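**Q** Sending over a structure as structure tokens; questions will come in a sec.
FYI, it's all coordinate maths here, none of it is from the lab. Since the model is a prediction, treat every value here as computed from it, not as a measurement. Backbone-built Cβ (ideal geometry, glycine too); neighbour counts: all protein chains shown.
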């Protein structure tokens with residue numbers, strides 16, 4: 001492990017003339033009539049490969065001339081200033097060892113040509129070798145590191161809320177069941193129901209759809225907390241924005257109201273976008289060139305912009321006055337659809353919007369009732385170019401108001417006993433939000449489909465690899 | 001959100017005489033005959049609470065005298081040098097607002113007294129309010145941040161390998177099934193089997209037991225990668241070391257052999273233990289005082305020690321020559337049991353051991369066969385006081401050797417087609433390891449049971465909250 005990452009060579013960490021070893025995979029090979037070959041060697045450490053000059057004086061030059069995309073090689077050579085275009089430094093090889101050949105270059109799925117993004121999805125185990133998925137991987141990592149750093153610097157604790165849950169409090173219809181029962185021989189109770197008392201956990205168990213209720217318990221002790229983990233929806237949605245398995249970030253803050261977490265969300269989005277602009281300029285240049293030419297520009301704008309706070313009630317008026325024909329009619333009380341959100345964020349405001357105070361009847365039971373008795377302290381952040389990227393709320397911390405809400409919604413107090421305990425013992429105003437990580441990665445990179453920003457996407461009918 | 005975290009007040013970020021607002025929960029209250037009360041206010045930002053002086057001149061002093069453990073309060077006051085013992089700074093309150101009372105202090109489960117750790121487990125939603133679980137939470141967070149930082153600084157990318165998997169390649173017997181089929185009406189095929197083609201993913205699907213095979217695909221493109229995510233075992237193990245849901249860290253390195261990842265593991269363990277010693281001295285002092293008096297000492301020793309490399313074959317000789325009576329007999333070819341590991345790490349060496357080159361028949365199919373034809377390039381790290389904490393190996397990168405191994409083990413090549421592709425297209429030596437995060441947290445804090453170092457433990461018969 002004494003070899004040098006390509007990024008270090010290209011960034012000039014080694015002096016011209018210095019000997020280095022690099023190891024990686026061949027992207028391209030070009031033979032010159034002058035009796036030498038140019039081999040682009042890639043190791044994932046940055047977007048660009050390093051150019052290796054292979055002179056025909058190499059003892060295994062015949063092997064070098066057989067190198068194709070995907071072959072693994074180890075190169076010892078000296079750093080040189082490059083004569084060619086496109087790079088400042090290159091390596092003149094003194095030895096090139098072929099570590100691993102490509103079995104049949106003609107049928108190698110990742111041969112050096114453009115592949116459709118749908119084709120790459122079929123080869124999720126090989127697609128990280130491509131420019132586009134390599135770049136996505138580095139940006140995804142950058143965002144994840146920046147998120148942890150953002151919260152850590154501000155005194156937040158990462159809490160790993162459970163993946164397996166026996167609470168179906170957020171809508172069992174869209175949940176995956178987890179079981180070890182013998183499917184060929186399901187045990188039954190006397191009444192004929194499934195006897196989950198014989199299951200691994202002694203009751204019916206699901207995959208979590210959100211860590212929020214659980215993380216509120218830690219918020220009410222540690223003050224500032226966040227989750228960053230996988231969540232699941234058994235929704236039969238075959239869209240470019242939905243995955244059955246995706247990662248969520250859910251901060252939760254004690255002694256905080258909706259305005260506080262709206263500001264936190266704005267600060268966080270700016271912080272992580274800035275990190276990508278600063279740390280992944282190489283990958284972003286590629287996305288701007290090949291995926292969406294606006295992608296750097298819109299990040300720079302987001303970092304500099306002031307997010308616009310807007311009340312739902314005002315948004316309805318704006319939509320009504322817009323003179324636009326929307327597919328879904330606009331009236332106070334309706335949920336905003338994607339066409340409404342896009343009009344507001346892209347046409348009316350032209351900047352991210354923090355939409356606040358939605359009608360209580362279209363929002364979840366745990367959101368705090370506003371003094372008007374009609375709306376709750378909920379917010380969505382709508383970004384131009386992608387729509388809703390964050391949803392959050394202040395939580396109902398008043399036990400009597402909470403219980404009344406449960407009753408009106410026909411929910412059973414008993415099912416929420418531990419959640420209610422937080423309101424019985426030293427209750428405090430608190431608020432939080434949820435950010436779908438893949439939607440963020442898609443937004444930042446300009447990738448159109450969340451299936452291409454997670455290594456192995458899970459969607460209806462697909463859990464390959 | 002303009003209030004100050006307690007840690008900032010105690011660390012002297014505010015000058016004596018300066019006005020601050022603090023918000024949190026009451027730990028204790030003590031009334032003095034001199035007509036004032038001392039209220040210990042805790043907000044989770046550090047181990048210690050801040051002492052608040054409440055004079056009887058406060059307009060709501062009667063309320064102050066009713067404060068009990070767990071009540072939420074907001075205090076405005078000025079920073080003072082403390083006259084009492086135990087803290088350098090305190091706050092003299094000008095106002096104390098009671099934000100949330102405790103409904104019935106006599107029955108509040110987290111009243112200010114010592115609780116057994118088993119009792120606390122029954123109240124997983126309230127236990128972060130205790131000293132011990134608060135300290136565990138901060139150390140757990142510190143370790144998690146340090147792990148991400150360690151890998152990020154070294155150019156590793158975090159890869160989120162899938163939680164849902166249709167591959168049962170690591171032993172389906174211990175896996176949880178994930179399904180949306182109607183359990184009261186399981187669809188059958190013509191042959192009478194369960195018709196998983198009607199399930200959400202169109203085939204039988206499980207929760208992952210390891211991200212390793214998946215992350216190898218990214219390693220073979222990006223060179224240095226790691227996972228940090230939840231993994232699952234449907235093992236009916238009711239021990240202090242097993243959870244059905246736990247978090248794992250799995251780095252994977254291209255162009256690396258066993259010695260390289262052994263060094264990486266040693267470096268990582270030292271780095272994260274050092275981070276805890278430096279950043280969480282307050283919590284570690286508590287663990288040393290109340291949980292295990294050796295806990296700081298052994299971390300300091302680990303950071304300074306050189307891990308001892310030892311071959312399995314040599315270990316067997318040492319155990320045989322020890323003159324010890326072991327419950328499980330020692331002979332070349334047997335798996336080491338916990339008594340053997342403890343003897344070696346605690347008595348024979350007295351430092352962490354990196355045990356290497358195990359018999360191939362007791363190790364997994366993907367581990368690289370050594371030249372002796374009998375052993376594989378596998379390692380376990382055994383730490384005094386806890387036993388095995390890391391397991392890793394060099395992976396078999398040679399397709400012909402791999403295929404032969406599959407055949408001898410009666411495994412079907414077809415089931416490993418994408419994994420085999422990595423050996424067909426530019427294969428390289430690579431290696432990695434797995435670290436069970438909860439075992440690490442337990443080791444660092446001295447906590448005896450992994451159920452107390454994860455917020456909501458899942459074990460056979462228990463998925464509460």
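**Q** Which percent, nearest 5, of DSSP beta bridges in chain A are antiparallel? Could the numbers behind the result be given before it?
**A** Values: 69 of 77 bridges.
Antiparallel bridges make up about 90 percent of those DSSP assigns within chain A.
**Q** In addition: How high is the relative contact order of chain B, in percent, counting Cα pairs under 8 Å that sit 6 or more residues apart? Please report the intermediate quantities before stating the final value.
**A** Values: 835 pairs, mean separation 59.4, N = 465.
Rounded, it is 13 percent for chain B.
**Q** Over 15 Å apart: what share of the alpha carbon pairs of region A:142-221 falls there, rounded to a whole percent?
**A** Details: 2151 of 3160 pairs.
Counting pairs separated by more than 15 Å, the tail of P(r) holds 68 percent.
**Q** Can you tell me the orientation of helix A:258-279 relative to chain A, as the angle in degrees between its alpha-carbon axis and the longest Cα principal axis, to the nearest 10?
**A** Helix A:258-279 sits at roughly 0 degrees to that axis.
**Q** Tell me the distances, shortest first, between residue B:460 and the same position across the other copies, using label points 7 Å along Cα→Cβ, in nm to one decimal.
**A** Label point to label point, same position, other copies: 3.8 nm.
**Q** For region A:119-188, what does the alpha-carbon gyration tensor say about shape, rounded, prolate or oblate, given a ≥ b ≥ c as the root eigenvalues, a/c under 1.5 as rounded, and a/b over b/c as prolate? Spell out each step's value before the answer.
**A** On the way: a/c = 3.51, a/b = 1.35, b/c = 2.60.
Verdict is oblate for region A:119-188.
**Q** Would you mind checking region A:24-65 for residues with the amide N under 19 Å from a putative spin-label position 7 Å along Cα→C-beta of residue B:424?
**A** A:26
**Q** Before rounding to the nearest 500, sum -39500 (n - 2.57) across all DSSP H runs of length at least 4 in chain B and divide by the residue total; then give [θ] at 222 nm in deg cm²/dmol. Walk me through the intermediate numbers first.
**A** Details: 13 runs with 133 residues, N = 465.
Mean residue ellipticity at 222 nm (helix-derived): -8500 deg cm²/dmol.
**Q** What is the average number of partner chain Cβ atoms found within 10 Å of a Cβ in A:235-245? Don't skip to the answer; put the middle values down first.
**A** On the way: counts 1, 2, 0, 0, 0, 0, 0, 0, 0, 6, 5.
Mean shielding by partner chains, rounded to a whole number: 1.
**Q** Taking R0 as 60 Å, what's the FRET efficiency between residue B:28 and residue A:412 from their Cβ-Cβ distance, rounded to 0.05?
**A** Numbers: r = 36 Å, r/R0 = 0.60.
Approximately 0.95, to the nearest 0.05.
**Q** Taking residue A:236 in one copy and the same position in all the others, each labelled 7 Å out along Cα→Cβ, what are the pairwise distances from the first, in nm, shortest first?
**A** Result for residue A:236, in nm, nearest copy first: 3.6.
**Q** Under a point spin-label approximation (7 Å from Cα along Cα-to-Cβ), what is the residue B:267-residue B:153 distance to one decimal in nm?
**A** 1.0
**Q** Give the dimensionless ratio obtained when the Cα radius of gyration of region B:306-386 is divided by 2.2 N^0.38 Å.
**A** Normalised Rg, Cα atoms only: 1.05.
**Q** What spacing in nm lies between the two simple spin-label points modelled at residue B:115 and residue A:304, each 7 Å away from Cα in the Cβ direction?
**A** 5.3
**Q** Counting partner chain Cβ atoms within 10 Å of every residue's Cβ in B:94-104, what's the average? Display every interim value, and only then the final one.
**A** Values: counts 0, 0, 0, 0, 1, 7, 12, 4, 4, 7, 2.
Across the residues of B:94-104, the mean count of other-chain Cβ atoms within 10 Å is 3.
**Q** Please compute, for peptide B:396-403, the average count of beta-carbon atoms on other protein chains lying within 10 Å of each residue's beta-carbon. Before the final figure, lay out each step's value.
**A** On the way: counts 0, 3, 1, 2, 0, 0, 0, 0.
Rounded to a whole number, the mean comes out at 1.
**Q** Hey, what angle do you get for helix A:131-153 against the long axis of chain A, alpha-carbon based, 0 to 90 degrees rounded to 10?
**A** Approximately 50 degrees, to the nearest 10.
**Q** Taking the simple approach of a point 7 Å from Cα along Cα-to-Cβ for both residue A:314 and residue B:314, what is their distance in nm?
**A** 7.3
**Q** Angle check, please: helix B:212-222 long axis (alpha carbons) against the longest principal axis of chain B (alpha carbons), in degrees 0 to 90, nearest 10.
**A** Between helix and principal axis, roughly 90 degrees.
**Q** Expected output is a single nm value to one decimal: the length gained when fully extending between residue A:104 and residue A:16, i.e. 0.36 nm times separation in residues minus the C-alpha distance. What is it? Each step should come with its number before you reach the end.
**A** Values: separation 88, 0.36 × 88 = 31.68 nm, distance 3.69 nm.
Here the answer is 28.0 nm.
**Q** Sticking with this one: From the label point of residue A:318, set 7 Å from Cα along Cα→Cβ, how far away are the matching label points in the other copies, in nm, ordered shortest to longest?
**A** Shortest to longest, the spacings are 6.9 nm.
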